[in-house]
Amino acid sequence: MKRAAAAIALIFAAPHAFAADPTLTARQEQGRKLYSATCVYCHGPNVWGTYTLGRRLGADKALLEQRTDLVAPYVKIVIRAGLGSMPAFRRTELSDAEADAIVDYLTRPKGRT
Ligand code: HEC
């Protein structure tokens, strides 16, 4: 019961991770889905990767999905080589096309809100 409540809380905390966003291209949408399946458990709100980045770079750079300063080559290198305690993803785990879709999603132009 507690676990179900936590899952429901997560769905409400991160609705963008579950609902299609009409402003995304098909590839960015594919990247968003892959990101939700592969990266969000460490980079969602209030979890390990987000916490680590917040401590190292500041609260405004903690959530990858909201960053406006990420560049594609850097994100690709971090995915393939890992960074600090983040594990590297091999091509057998995440193909180049899949990694590129995630990169495309994270580096898409974002309106300043
Ligand atoms: C097992 C947990 C974990 C997973 C899964 C994970 N990351 Fe990370 N990631 C981290 C941690 C922890 C850091 C911070 C490393 C540090 O600063 O020492 C990080 C850092 C990063 C950074 C560096 C940001 C910066 O400004 O330096 C990028 C980019 C990144 N992750 C992308 C991704 C992507 C894309 C995925 C999915 C393919 C992913 N991560 C999956 C834990 C994870």
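Give me the number: length gained by fully extending residue 76 to residue 23, i.e. 0.36 nm times residue separation minus the C-alpha to C-alpha distance, one decimal in nm. Please list the in-between numbers first.
Working: separation 53, 0.36 × 53 = 19.08 nm, distance 2.29 nm.
Using 0.36 nm per residue and subtracting the Cα-Cα distance, I get 16.8 nm.
Given 0.36 nm per residue, what is the gain on full extension from residue 47 to residue 97 after removing their alpha carbon distance, in nm? List each step's numbers first, then the result.
Working: separation 50, 0.36 × 50 = 18.00 nm, distance 2.66 nm.
Between residue 47 and residue 97, full extension yields an extra 15.3 nm.
Values quoted throughout were computed directly from the atomic coordinates according to the rules given, and no laboratory measurement underlies them. The structure displayed is predicted, hence computed values, not measured ones.
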